[in-house]
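The values are calculated or read from the model by the stated rules, or taken from the named source; none is laboratory data. A quick note: this is a predicted structure, and the numbers were derived from the prediction, not measured. When we count neighbours, we look across all protein chains shown, and the Cβ atoms used for this are built from the backbone with ideal geometry, even at glycine.
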Amino acid sequence: MWDFPLRLLGGLHYLVLAGLASWDDIGAALDEHREFLARWTEEQDVQTNEVQRAWALLPGFLTIADGRPFDLLELGPSAGLNLMWDRYRYRYTTGAWGTGALELTGDDRIPPPAEVLSRRVSVARRRGIDLNPVDVTTEHGSRLLQSFVWPDQTERLDRLRRAIEATREDPPELMRGDYVELLPGLLADRREGAQLVVFQSASTMYLGKDALGKLRAALHTAAREEPLVYLTTGRAPDDDGFALEVERYPDGRSRRLAVFDFHGEWLDWGR
């Protein structure tokens with residue numbers, strides 16, 4: 001199990017966050033909570049929901065807006081924190097966007113144009129489908145996400161906690177299942193008068209070639225009734241971060257919008 005160390009550290013952090021253990025005495029925690037940690041490392045997958053990526057995704061959402069409200073569907077959303085992207089505030093060297101309590105910013109080495117940041121968009125519906133969605137409206141779900149952010153990453157933890165607070169106010173609809181298999185039915189359920197926007201950040205990199213083919217086939221088929229937009233990320237050239245691309249269906253034409261850091265710390269718009 002290649003991720004055993006991550007699972008173990010996550011389990012220890014979960015206990016610390018719950019007030020049941022201390023980083024000052026790891027030996028005692030390993031001994032006293034042996035059964036819990038054995039079960040955790042066996043059953044609990046590493047779970048992260050990096051909300052900083054929304055800072056890189058926002059200009060993409062604004063670029064594809066056509067004046068209608070968005071009908072959002074995220075593939076592999078974890079807790080759905082990035083489904084709440086319009087509830088956050090953003091800062092770039094070319095301007096700001098949004099009014100949320102959580103402000104996201106980063107190193108926009110090539111910033112998005114001010115004209116893009118001047119656009120406004122509303123969201124009619126937020127849905128996400130994940131093999132193991134996390135419900136951050138519960139104490140366990142909130143603590144679970146925090147447990148896989150290491151305690152010395154204080155800024156990242158604070159950002160996560162603020163995003164959880166924003167999500168708890170009006171949570172998105174999260175469904176459990178294999179999104180490749182269930183995608184046709186989800187795409188058929190459309191919100192009338194809205195622009196269907198499917199998006200993902202980092203989840204499809206774990207799919208095989210056949211699964212990716214089925215995913216795109218479902219997008220092609222669904223778009224025969226009405227066009228849709230797919231905002232997606234993939235490995236950038238030379239493995240330098242993620243490439244943010246927009247694919248428009250039914251024809252499937254693709255356009256690269258930007259390259260950004262895996263966690264959304266920097267952005268090269270138009271690269």
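Looking only at residues of segment 2-20 that are part of a loop (DSSP other than H, G, I, E, B), in contact (Cβ under 8 Å) with a residue 12 or more places away in the chain and over 19 Å from T154 (Cβ atoms), we find that the one that is farthest from the chain's Cα centre (by Cα) is L20. Segment 101-179 holds strands (runs of 3 or more DSSP E) entirely within its bounds, and those carrying 2 or more residues that are farther than 22 Å from Q195 by Cβ map to 103-105, 107-110.
Taking the criterion of being in the same structural domain as R68 (by TED's automatic domain parsing), within 18 Å of the chain's Cα centre (by Cα) and under 17 Å from G60 (Cβ atoms), would at least one residue in segment 166-181 satisfy it? Within segment 166-181, not a single residue is in the same structural domain as R68 (by TED's automatic domain parsing), within 18 Å of the chain's Cα centre (by Cα) and under 17 Å from G60 (Cβ atoms). Considered as a group, the residues in segment 227-240 that are assigned to a loop (DSSP other than H, G, I, E, B) and at pLDDT below 95 include one that is surrounded by the most Cβ atoms within 10 Å (Cβ to Cβ), and that residue is A236. Considering only residues that are touching a helix residue (DSSP H, G or I) at 6+ places or on another chain (Cβ under 7 Å) and aromatic (F, W, Y), look in segment 42-87 and name the one that is nearest to L8 (Cα to Cα). Result: W85. Suppose the filter is among the hydrophobic types (A, V, I, L, M, F, W, C), surrounded by fewer than 20 Cβ atoms within 10 Å (Cβ to Cβ) and free of Cβ contacts under 8 Å to residues at least 12 places away in the same chain; does A217 pass it? Here the answer is yes, as A217 does meet what is asked.
Only one entry of A56, A124, A96, A79 meets the criterion of being closer than 22 Å to H263 by Cβ, touching a residue at least 12 places away in the same chain (Cβ under 8 Å) and surrounded by fewer than 16 Cβ atoms within 10 Å (Cβ to Cβ), and that entry is A96. Of the set (1) of a type in the set (F, W, Y); (2) outside the structural domain of L196 (by TED's automatic domain parsing); (3) buried (at least 18 other Cβ atoms within 10 Å of the Cβ), all apply to W85 but (2). Looking for something in a helix (DSSP H, G or I), loosely packed, with under 13 Cβ neighbours inside 10 Å and among the charged types (D, E, K, R) - is there at least one such residue anywhere in segment 189-212? Yes, the conditions are met somewhere in segment 189-212.
Do we have any residue at all in segment 149-164 that's touching a Ser or Thr at 6+ places or on another chain (Cβ under 9 Å), surrounded by 14 or more Cβ atoms within 10 Å (Cβ to Cβ) and over 30 Å from L20 (Cα atoms)? No, segment 149-164 contains no residue that is touching a Ser or Thr at 6+ places or on another chain (Cβ under 9 Å), surrounded by 14 or more Cβ atoms within 10 Å (Cβ to Cβ) and over 30 Å from L20 (Cα atoms).
Taken over segment 184-224, the criterion of being within 26 Å of A54 (Cα to Cα) and among the hydroxyl-bearing types (S, T, Y) is satisfied by S201, S203, T204, Y206.
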